[in-house]
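Let me begin by presenting the structure, written as structure tokens, before commenting on it.
All of the numbers you see were taken from the coordinates with simple rules; none came from a lab. As the structure is a prediction and not an experimental result, all values here were calculated from the model. Backbone-built Cβ (ideal geometry, glycine too); neighbour counts: all protein chains shown.
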Amino acid sequence: MSTKRRKSRLLGESEHPMSSLLPKRESSAGGGSKATKVIDDLWPEGITAAAGPTPPLTILKQQASLLGRKTKNLLEAEVHTEVTDFQRLLRHTFFLVAPVLGLSGYPLLSVEHPVTRIYPAIVKVNPDDPSSSVRELVARDEAEFKEHLKAVFAAEPAKRVIASLLAQSAGKSNVA
């Protein structure tokens, strides 16, 4: 059985579909080296991250890391971020992960806040649990956000899920 291989060649600068957007090369009078035209930088100096409180995403990732350490990585957590509400909100979902069980993600909570601001942030507890209603907690600032997370992590539903996943993970890892 023969396989046909396509021959490919590199496109020259003038053949590239985006060539009109690329910086033009100018040749020097001597015909030797070529110089590139400098692109004007229209952005202001000093573009930096906004100073202020720690963003919810950073706090959630820190807590995800701490959970793995506390459980000797039998239970871990991951944070996934998506843009919602027609690009106006960021949603960070905190998933519990039990690698030994092959559980790739149990959503414990989600946090939403405007794309253009860090706070207020809305903590939604039990976002995908049909057996309980979704509770929404509004955090006006970083301190209130941390208080809400601490309360959610210490609440019975979260403790029950974590204890169950840990027991199953420990039992399965001892069998192997």
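Overview of values
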quantity	calculated
Loop-resident sites, the range 70-109, for trypsin sites (Lys or Arg not before Pro), counting at most 15 other Cβ within 10 Å (DSSP)	LYS72, ARG88
For ASP41, ASP141, ASP85, order by how many other beta-carbon atoms lie within 10 Å, fewest first	ASP41, ASP85, ASP141
Loop-located GluC sites (Glu not before Pro) in the range 65-161 whose Cβ has at most 12 other Cβ within 10 Å (DSSP)	none
Alpha-carbon centroid distance for the pair the range 77-131 / the range 46-68, whole angstrom	15 Å
Tail beyond 25 Å, pair distance distribution of the range 56-175 (Cα, percent)	23 percent
Amide proton proximity set for LEU89, modelled H, under 5 Å, gap of 5+	THR84, VAL115
Spacing of the two label points (7 Å from each Cα toward its C-beta) at VAL115 and ALA50, in nm	1.3 nm
